[in-house]
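Encoded as structure tokens, the structure appears first; notes follow it.
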Amino acid sequence: MKISRMILVVTLALSGCSNASEGIEPIRGSITYGGQPAAKLTKSPPGSVLPHTFIDPTGRWVEETYIIQPDRSLKLVRRRDVVDSHD
């Protein structure tokens with residue numbers, strides 16, 4: 001139990017750090033494109049990581065990572081292109 005609490009504290013602390021990913025803007029297909037989702041994630045604790053994979057407007061596969069904030073909103077912290085290894 002102490003380890004999971006420590007991980008939560010570290011995750012929350014790191015999510016508050018200023019870094020280059022702070023300026024990531026949602027794109028069409030992002031969960032937060034057009035604002036926060038209407039449904040709140042009530043079963044996941046703040047600090048939980050939520051991955052989301054989709055096809056962006058240019059046809060590329062994209063993977064985004066969100067962190068659930070204490071107010072249950074989502075913060076977009078990372079976006080990367082998914083490379084298909086079968087090409």
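Annotations for the structure displayed:
- Net charge of neighbours whose Cβ lies under 12 Å from the Cβ of Lys40, counting Lys and Arg as +1 and Asp and Glu as -1: +1
- FRET efficiency estimate (nearest 0.05) - Cβ-Cβ, Val83 to Gln36, R0 41 angstrom: 0.90
- Each peptide in 62-74, 37-49 gets a packing score, the mean of other Cβ atoms within 10 Å over its residues, and the list from highest to lowest is 62-74, 37-49.
- Accessible-area rank, largest first, for Arg79, Arg60, Arg28: Arg28, Arg60, Arg79, with all protein chains present and a 1.4 angstrom probe.
The values are calculated or read from the model by the stated rules, or taken from the named source; none is laboratory data. Please read these numbers as outputs of a predicted model, since none were measured by experiment. Cβ coordinates were reconstructed from backbone atoms using ideal geometry, including for glycine residues, and neighbour counts include every protein chain displayed. Accessible surface areas use protein heavy atoms only, side chains included; no ligands, DNA or RNA. Shrake-Rupley method; radii C 1.70, N 1.55, O 1.52, S 1.80 Å.
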